[in-house]
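Worksheet: the structure to be examined is printed underneath.
Derivation of every value follows stated rules applied to the coordinates shown; laboratory data play no part. Predicted model only: the values in this text are computed from it and were never measured. Neighbour counts are summed over all protein chains in view; Cβ atoms, including those assigned to glycine, are modelled from backbone coordinates with ideal geometry.
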Amino acid sequence: MFGEFSFDSPALIFLARVLSALLLVLMLFAAYGASDLVGYLQPLAPFMAGALVLVLSLLVFRIYYPYSSSNDFRYIFPAITPFVVFIGTALFRLSRSNRLFSLSLLLVTLFLTSGIAFQILAILRYAER
């Protein structure tokens, strides 16, 4: 998830590992949400196929070229939009079960707060140099 960057701070290394693990879990949630949308919304099948191609192509691109020059934030927007829709659908579907919904909401919140903490710590760590 972080390309060729390495971090010397134990806190940043820990948060990077947490973010990577949570992203994998969120990808499972997105797949769950996408499977729910396919069953109910047949007219959106082209959107679903296009979204799947965008997400998979971004994943393959990042695996083969894990460098900062090919991981600019502009490349994520075509793939992140359907990803957010799929996670939202999974959360909505899991809202029928109070425990699963609470767990999934906790995971999403952990991912967001870990990402914010990572950015703040990275800025503070490397701004002092």
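Calculated FRET efficiency, Ala21 and Leu100, Cβ-Cβ r, R0 25 Å, to nearest 0.05? Between Ala21 and Leu100 the formula returns 0.85. With one equal scatterer per alpha carbon and no solvent term, the Debye-computed log10 I(q)/I(0) for region 10-127 at 0.11, 0.13, 0.17, 0.20 1/Å reads -0.44, -0.60, -0.97, -1.20.
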